[in-house]
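What follows is a short report on a single structure.
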Amino acid sequence: MPWQSLSLSTHRIGFAIARRLAQDRAHVVVNSWKQQNVDQAVATLQGEGLSMTGTVCHVGKTEDPEQLVATVSCREMGTEPGGGSVVIAAFSPLPGLSPYNVSKTALLGLTKTLATELAPRNIRVNCLAPGLIKTSFSRMLCKDKEKEERMKETLQIRRLGESEDYAGIVSFLCSEDASYITEETVVVGGGTPSRL
């Protein structure tokens with residue numbers, strides 16, 4: 001992998017992606033708003049022999065996001081031949097979650113805007129739109145087995161997604177194999193009927 005560092009969450013999808021990218025030889029910086037989450041993720045992945053560091057980032061504190069950007073060296077991205085890659089995660093809207101849906105689908109506009117703004121620096125920007133994945137959030141939506149089964153019936157692939165289902169796609173989008181892909185949204189949703 002051609003990257004020096006990436007920033008990802010310490011749980012579920014972010015953790016699976018961090019593991020995959022580190023396995024693909026990226027140096028990954030995991031982040032969370034809790035130090036104990038950072039420490040646990042770093043220890044686990046370093047224990048697997050992966051190149052990994054971590055930092056606390058609470059988006060409610062002005063200095064934390066600034067420190068995160070400085071830590072992952074995004075001011076250097078695009079200064080070397082080959083540029084860089086940014087992958088933003090949005091999602092397919094779900095009924096009954098209007099405010100959350102709006103906040104996440106706004107990331108589609110951010111993807112298009114950043115792709116245009118960063119293209120002169122040879123930085124590609126793409127979006128990953130995960131479907132329903134096994135997380136604490138989806139457990140809230142599927143409080144009982146019957147409801148979970150009804151949700152699975154709406155998918156072409158009759159199962160909820162696993163965090164690892166998304167990791168390979170992100171790795172691909174960050175790789176040189178995707179060097180001619182930018183401003184795209186990749187839906188990884190098990191054949192969910194809605195599209196962004």
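Annotations
- Filtered residues of region 170-196 (kept if assigned to a loop (DSSP other than H, G, I, E, B), at pLDDT 90 or above and either aliphatic (A, V, I, L, M) or surrounded by 19 or more Cβ atoms within 10 Å (Cβ to Cβ) (or both)): Ile181, Thr182
- Within region 34-55, the set of residues being more than 15 Å from Gly14 (Cβ to Cβ) and touching a helix residue (DSSP H, G or I) at 6+ places or on another chain (Cβ under 8 Å) comprises Glu48, Ser51.
- Output for region 20-43, where each listed residue is open to solvent by 60 Å² or more (accessible area, probe 1.4 Å) and modelled with pLDDT of 90 or more: Arg20, Gln23, Gln35, Gln36, Asp39, Gln40, Ala43
- The condition of being within 17 Å of Ala18 (Cα to Cα), of a type in the set (A, V, I, L, M, F, W, C) and either modelled with pLDDT of 75 or more or open to solvent by less than 70 Å² (accessible area, probe 1.4 Å) (or both) holds for only one of Ala106, Ala167, Ala119, that being Ala167.
- Check on Val86, of a type outside the set (Phe, Trp, Tyr), open to solvent by less than 30 Å² (accessible area, probe 1.4 Å) and either modelled with pLDDT of 75 or more or not assigned by the TED database to the domain that holds Lys112 (or both): no
- Filtered residues of region 56-75 (kept if surrounded by fewer than 17 Cβ atoms within 10 Å (Cβ to Cβ) and either touching a helix residue (DSSP H, G or I) at 6+ places or on another chain (Cβ under 8 Å) or in the same structural domain as Glu176 (by the TED database) (or both)): His58, Val59, Arg75
The values are calculated or read from the model by the stated rules, or taken from the named source; none is laboratory data. Remember, it's a predicted structure, so these values are computed and weren't measured experimentally. Because the Cβ atoms are built from the backbone with ideal geometry, glycine has one as well, and the counts that use them run over all protein chains shown. Accessible surface is based on the protein model in full, side chains and every heavy atom, while ligands, DNA and RNA are left aside. Shrake-Rupley method; radii C 1.70, N 1.55, O 1.52, S 1.80 Å.
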